[in-house]
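Presented below is the structure to which this report refers.
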């Protein structure tokens, strides 16, 4: 959200527009003449999607308008759950998959995917002056804000990045403990785990330096990895 608006008030207006569109979809109101809204409304009504997931997602995106970093890793994980795991929950519901095991796997996959994505986007966020590293972790590692904004690789940065990456890896491992208790049709919603795993592996190869130029190289084998995972019924 912060990347697409120049002023917080513009972001709030956009979010309110979406809140009204989602409310109309659930309450049987008129559907706005908008390609995405029309398709989303149809999915909501056909698949009986959960309204709370949308509301939690929108509330979290409003937090994006605040430039302050997360207070700690737990707060960053909460943000990841709200912005990413909620989408996985909705994808599972769209596939007709519900239940505790699927939801737990979706939670962990969503958080891992979001954390890996935040690390992958760190150079972009640093250029914009936005600190991804939680405040307490930045203090613990003595991360220098000037080095961060200047995209200068330091041991402090690599140490902080490694901590976040380790959290993402723990979530991936936790998600996979539910692998054998989830219906095969749920797999497409959980494949972001494959993307997160590869992203974390590349980061490890770079010594947990998020500014390593090699990480900007596109992952050419990603579609193959996803296809193989689908064939093997794994995520």
Checklist outcome for this item: Picking from 198, 176, the residue that is closer than 13 Å to residue 110 by Cα and over 14 Å from the mean Cα position of the chain (by Cα) would be 176
Checklist outcome for this item: Just one listed residue, out of 203, 226, is within 19 Å of residue 154 (Cα to Cα) and assigned by TED's automatic domain parsing to the domain that holds residue 106, and it is 203
Item to check | Candidate set: region 152-197, residues that are farther than 19 Å from residue 115 by Cα and free of Cβ contacts under 8 Å to residues at least 40 places away in the same chain; chosen: the one surrounded by the fewest Cβ atoms within 10 Å (Cβ to Cβ) | outcome: 180
Item to check | Sole residue being in contact with a helix residue (DSSP H, G or I) (Cβ under 6 Å, 6 or more places away or on another chain), closer than 21 Å to residue 140 by Cα and at pLDDT 95 or above, chosen from 156, 175 | outcome: 156
Checklist outcome for this item: So, first residue not assigned by TED's automatic domain parsing to the domain that holds residue 128 and modelled with pLDDT under 55 in region 1-13, second residue in a helix (DSSP H, G or I) and surrounded by 11 or more Cβ atoms within 10 Å (Cβ to Cβ), Cβ within less than 6 Å, six or more apart or across chains; the pairs are 1/11; 1/61; 5/11
Checklist entry - For residue 169, which of the numbered conditions (1) assigned to a helix (DSSP H, G or I); (2) at pLDDT below 95 fails to hold? => result (2)
Checklist entry - Does residue 112 satisfy the criteria of being in a helix (DSSP H, G or I), in contact with a helix residue (DSSP H, G or I) (Cβ under 8 Å, 6 or more places away or on another chain) and under 30 Å from residue 49 (Cβ atoms)? => result yes
Checklist entry - Identify, please: which residue in region 17-65 is part of a loop (DSSP other than H, G, I, E, B) and touching a residue at least 24 places away in the same chain (Cβ under 8 Å) and is, among those, farthest from residue 82 (Cα to Cα)? => result 48
Checklist entry - Within region 132-149, can one find any residue that is assigned to a loop (DSSP other than H, G, I, E, B) and either in contact with a strand residue (DSSP E or B) (Cβ under 8 Å, 6 or more places away or on another chain) or surrounded by fewer than 16 Cβ atoms within 10 Å (Cβ to Cβ) (or both)? => result yes
Item to check | Matching entry among 94, 74, 84, 101 (being out of contact with any helix residue (DSSP H, G or I) (no Cβ under 8 Å at 6 or more places or on another chain) and under 26 Å from residue 177 (Cβ atoms)) | outcome: 74
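The values are calculated or read from the model by the stated rules, or taken from the named source; none is laboratory data. Quantities reported herein were computed from a predicted structural model and do not represent experimental measurements. No Cβ is skipped: glycine too gets one built from the backbone with ideal geometry, and neighbour counts run over all protein chains shown.
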